[in-house]
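Read-outs throughout are calculated quantities, based only on the coordinates presented, and are distinct from any laboratory measurement. Keep in mind it's a predicted model, so treat the numbers as computed, not measured. No Cβ is skipped: glycine too gets one built from the backbone with ideal geometry, and neighbour counts run over all protein chains shown.
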Amino acid sequence: MKRSRRYFKPRSLTWIASAAPVAAGLFIAFEPVHHLGDWAKAVSATFGNTSPYLLINAGLVGIGLRGAIKP
């Protein structure tokens, strides 16, 4: 329990800045499921038309680095 708590810190600005690309990447990647193409294009344009897979990976790296910092 303590180990996962190290990575989940929703009050940390670094965590929020890393979770936003993960959420955006998932939203863009699942566009065929939710059929919100215009919204997915708008979110993609907000992040510079970056691939959703790159957004997800970049966010996970940020969350991992945030967890690696000793409190």
Mind checking whether some residue in region 26-42 is among the hydrophobic types (A, V, I, L, M, F, W, C) and in contact (Cβ under 8 Å) with a residue 40 or more places away in the chain? no
Search result, residues across region 10-28 that are surrounded by 15 or more Cβ atoms within 10 Å (Cβ to Cβ) and either of a type in the set (Lys, Arg) or in contact with a Leu (Cβ under 6 Å, 6 or more places away or on another chain) (or both): 21, 24, 25
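Kindly provide the set of residues from region 29-57 that are aliphatic (A, V, I, L, M) and surrounded by 16 or more Cβ atoms within 10 Å (Cβ to Cβ), ordered by number.
Let us first name the residues in region 29-57 that are aliphatic (A, V, I, L, M), namely 29, 33, 36, 40, 42-43, 45, 54-56.
40, 43, 55, 56, listed by residue number.
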